[in-house]
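Undergrad: To start, I am sharing the structure in question, which I have written as structure tokens.
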Amino acid sequence: MDAAALKAKIEQARQRLLTAEHQMEGALHEIGRAPRAEKSIISGALSAAFAELKAARQDLLDLEQAIVGEK
């Protein structure tokens with residue numbers, strides 16, 4: 001993988017992290033305002049955000065390890 005492609009993938013991973021963080025912030029904000037019955041719906045959104053965050057962090061870690069391995 002060339003340097004430009006690697007930089008693009010790292011930026012994509014960082015953007016995914018930011019997106020996931022914003023989704024979690026929104027979900028947490030909604031949990032505080034929601035009636036008890038709706039909290040289960042919100043917990044699904046929060047679970048999806050955590051899954052995206054975990055995948056994005058793993059992608060970023062993999063890319064960073066690829067950089068170290070090429071040096």
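Undergrad: Among the residues of region 23-45, is there at least one that is touching a residue at least 24 places away in the same chain (Cβ under 8 Å) and aliphatic (A, V, I, L, M)?
TA: yes
Undergrad: Right, next: Would it be correct to say that residue 37 is modelled with pLDDT under 80, out of contact with any Lys or Arg (no Cβ under 9 Å at 6 or more places or on another chain) and exposed (fewer than 11 other Cβ atoms within 10 Å of the Cβ)?
TA: yes
Undergrad: Sticking with this structure for a sec: Step by step: first the residues of region 1-22, then only those that are without any contact (Cβ under 8 Å) to a residue 24 or more places away in the chain and hydrophobic (A, V, I, L, M, F, W, C), then the one that is nearest to residue 69 (Cα to Cα). Which residue is that?
TA: That would be 3.
Undergrad: Take the residues in region 4-34 that are surrounded by fewer than 16 Cβ atoms within 10 Å (Cβ to Cβ) and hydrophobic (A, V, I, L, M, F, W, C), then tell me which one is nearest to the chain's Cα centre (by Cα).
TA: Only one residue fits best here, namely 18.
Undergrad: Name the residue, out of 55, 66, 49, that is assigned to a helix (DSSP H, G or I), touching a Gly at 6+ places or on another chain (Cβ under 9 Å) and surrounded by 11 or more Cβ atoms within 10 Å (Cβ to Cβ).
TA: Being assigned to a helix (DSSP H, G or I), touching a Gly at 6+ places or on another chain (Cβ under 9 Å) and surrounded by 11 or more Cβ atoms within 10 Å (Cβ to Cβ) holds for just one of 55, 66, 49, which is 49.
Undergrad: In region 42-58, is there at least one residue being of a type in the set (Lys, Arg) and over 26 Å from residue 12 (Cα atoms)?
TA: Within region 42-58, none of the residues are of a type in the set (Lys, Arg) and over 26 Å from residue 12 (Cα atoms).
The values are calculated or read from the model by the stated rules, or taken from the named source; none is laboratory data. The shown structure was predicted, so the numbers you read here are calculated from the model rather than taken from an experiment. For neighbour counting, all protein chains shown are included, and Cβ atoms are generated from backbone atoms with ideal geometry for every residue, glycine included.
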